[in-house]
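Enquirer: I am attaching a structure below and will ask some questions about it afterwards.
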């Protein structure tokens, strides 16, 4: 995960680049609030650190796989 942009308005967030998706081979980006990124970098589990980030985007941060690619491969969640 690489920070590619820092945004200060209206709240302080970082835009991070994720790994290439193993399905479509494209990199992606995810917005993370600064305090939550700090918590993640301090070693908290991703689900505890990134509480405002939806679970499908947390998965993208970990594996690079975009939410739409998961749906293409496995179908909708039941």
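The values are calculated or read from the model by the stated rules, or taken from the named source; none is laboratory data. Source: prediction; values computed, not measured. Positions of Cβ are generated from backbone atoms using ideal geometry, with glycine treated the same way; all protein chains shown enter the neighbour counts.
Enquirer: Please state which one of 47, 60 is out of contact with any strand residue (DSSP E or B) (no Cβ under 7 Å at 6 or more places or on another chain) and at pLDDT 95 or above.
Expert: So the residue among 47, 60 that is out of contact with any strand residue (DSSP E or B) (no Cβ under 7 Å at 6 or more places or on another chain) and at pLDDT 95 or above is 47.
Enquirer: For the subset of the range 41-56 comprising residues that are in a helix (DSSP H, G or I) and in contact with a helix residue (DSSP H, G or I) (Cβ under 7 Å, 6 or more places away or on another chain), which member is farthest from residue 25 (Cα to Cα)?
Expert: 49
Enquirer: Please go through the range 36-66 and give me each residue that is surrounded by 13 or more Cβ atoms within 10 Å (Cβ to Cβ) and without any contact (Cβ under 8 Å) to a residue 12 or more places away in the chain, ordered by number.
Expert: 38, 39, 40, 44, 59
Enquirer: Next question, about the same structure. When the residues of the range 1-35 are narrowed to those that are part of a loop (DSSP other than H, G, I, E, B) and surrounded by 18 or more Cβ atoms within 10 Å (Cβ to Cβ), which ends up farthest from the chain's Cα centre (by Cα)? Step through it out loud before you land on a result.
Expert: Initially, the range 1-35 is screened for residues part of a loop (DSSP other than H, G, I, E, B), giving 1, 8-12, 18-28.
Next, from what is left, pick out any that are surrounded by 18 or more Cβ atoms within 10 Å (Cβ to Cβ): 18, 21, 28.
Working: 18: 7, 21: 12, 28: 8 Å.
My answer is 21.
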